[in-house]
Amino acid sequence: MYKQHAHISSRHVCIEYEGEPMTVPAGISVAAAVLGHAADHHCRSSVISGENRAPYCLIGVCHECLMEIDGKPYQQACLITVQEGMTVRKQQFKGGETNGQ
Ligand code: FES
């Protein structure tokens, strides 16, 4: 679905995505890692419909990319660069909760 540019760094980092190790190019955003390397390409579910949602704008505008990163909920995955050992989980919404804002 997504193709990686040839100029992306040949250096890689290992992050933990949904409890599983995932090796991705250093310097890309967490959203790019999810889109390009995770099998399911989504980062959260809609609070209202429960449908899977995926990063969309990749510039910090749409908030479709909210994820739990290193234990912090509601992080915009498109604005955060992957780091070695980073833990990334899909954002889970609990009953009555919106997006924390
Ligand atoms: S993908 Fe739109 S804010 Fe991150």
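Throughout, read-outs are computed from the coordinates displayed, never taken from laboratory work. These numbers were taken from a predicted model, which means no experiment stands behind them.
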### Message
Can you list residues from other chains, or at least 5 along the same chain, whose modelled amide H is less than 5 Å from the amide H of Glu64?
### Response
Tyr56, Cys57
### Query
Which far-off residues, 5 or more places away or on another chain, put their amide H under 5 Å from the one on Ile28, with H placed in the peptide plane?
Val82
### Message
Give me a comma-separated list of calculated 3J(HN,Hα) values for the range 61-78, in order, Karplus coefficients 6.51, -1.76, 1.60 applied at θ = phi - 60°, integers in Hz, x for any Gly or Pro.
### Response
9, 7, 6, 6, 9, 4, 9, 9, 10, 6, x, 9, x, 6, 8, 7, 4, 6
